[in-house]
Amino acid sequence: MENESTVYSSASDTAPDNTPSGDGNGGGIKGFFADVIRGALIGIAFIIPGFSGGSIAAIIGIYEKLIEAISGIFKHFKESIKALLPIAIGMVAGVIALLFPLGWALEAYPIPTVCLFVGLALGGMPSITEKTKGKIKWTNIIALLIPFAFAFCLSFLPIGEDVNLFGLSFGEYVLLFVIGIVGSSALVVPGISGSMMLLILGYYNPIVKMITDHLLRGQDVGTSLLVLGSVGAGIAFGFIGISVIMKYCLTHFPRGTYFAIIGFIVGSIPTVFVSTAKDAGLNFSNLPTSPLYWCVSALLLIAGIALSLSLVLYSRKKGISE
């Protein structure tokens, strides 16, 4: 992958609120609420099986800002918190506001619902592809194909058997820390679903059940806190560590990194559908046969693409920076 450090030469020395990507809102109250809305979109992505919050961040144009803020949180703590706070508020608000209605829609009409959101993601892709303008080299193609193959293959991996999180040894707690690092990938790497990764490894359902069936009911609190603390520490470590790596890639190989991001996002689309189908108990033998069902799904996919693409084009026309 070619070195292109001149494009982002000042990124590593710039505080989060002065990142090369900027927030495009001029700061102030308007910029704060714009980031709250963007954060809400990222939060919604976590509810949808197989979706990645990092994908949405890249599509709506704040990925570099997030990476800069997270990776520089120790060096520029005040600026990082200032940049991350409205996004975090939006993420929490988005999850709370749409957790139940979106959960109902995914349960009642899983494929049409996912088609809408996949369409929104695809329609916003020009905001990423424009960052890859220029002569395409073989290194760019490799940077796209490897992440694409990795994300695509996730949908074909079998779901691991649920592990037992009680009576763990010290080494197994260390493994939980590593599992947390893997789970944090969804927060940083576009196109990679942390929940999908944890499902494949057999840790997702046990962790959720430990929270709902034990911790919230006041049962096995000590063990639950130790398990969740180990996973949480891994998530925090991975969250910051992977952000530092992504910042390095964006600083030195910006075009190649965006080719990789495109590969991750496009390759993850089958995983989104497969994850949704598995959660809904659907397979090839019991898929809906109603032509209306599939027509509505197709129309929602097209509507999502049209809506997202129109917003991208409107922003360009008005000269709004992403």
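The values are calculated or read from the model by the stated rules, or taken from the named source; none is laboratory data. Bear in mind the structure is a predicted one, so any value in this text is a computation, not a measurement. Please note: Cβ atoms are built from the backbone with ideal geometry, for glycine as well, and neighbour counts cover all protein chains shown.
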Condition check for Leu187: surrounded by fewer than 24 Cβ atoms within 10 Å (Cβ to Cβ), closer than 27 Å to Ile87 by Cα and modelled with pLDDT under 90: yes
Cβ pairs under 8 Å, 6+ apart, first in region 32-57 and in contact (Cβ under 8 Å) with a residue 60 or more places away in the chain, second in a helix (DSSP H, G or I) and acidic (Asp, Glu): Pro49/Asp279
Region 88-108, residues that are crowded, with 18+ Cβ neighbours inside 10 Å and modelled with pLDDT of 90 or more: Gly90
Inter-residue pairs, beta-carbon under 6 Å, first under 21 Å from Ile48 (Cα atoms) and of a type in the set (Gly, Ala, Ser) and in region 280-299, second at pLDDT 85 or above and part of a helix (DSSP H, G or I), 6+ apart: Ala280/Pro110; Ser297/Ile111; Ser297/Pro112; Ser297/Cys115
In region 49-73, residue modelled with the lowest pLDDT [restricted to those that are closer than 16 Å to Gly194 by Cα and within 10 Å of the chain's Cα centre (by Cα)]: Gly50
Residue match in region 196-206 (condition: surrounded by fewer than 21 Cβ atoms within 10 Å (Cβ to Cβ), under 23 Å from Ile59 (Cβ atoms) and at pLDDT below 80): yes
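Here's the yes/no breakdown for (1) in contact with a helix residue (DSSP H, G or I) (Cβ under 9 Å, 6 or more places away or on another chain); (2) farther than 28 Å from Phe150 by Cβ; (3) outside any helix (DSSP H, G or I); (4) not charged (D, E, K, R):
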| residue | (1), (2), (3), (4) |
| --- | --- |
| Arg217 | no, yes, yes, no |
| Gly222 | no, yes, no, yes |
| Phe237 | yes, no, no, yes |
| Ser243 | yes, no, no, yes |
Tally, over region 228-266, of residues that are in contact (Cβ under 8 Å) with a residue 40 or more places away in the chain and under 30 Å from Phe166 (Cβ atoms): 13
Residues of region 60-95 satisfying the condition of being over 17 Å from Ile42 (Cα atoms) and not in a helix (DSSP H, G or I): Gly72, Ile73, Phe74, Lys75, His76
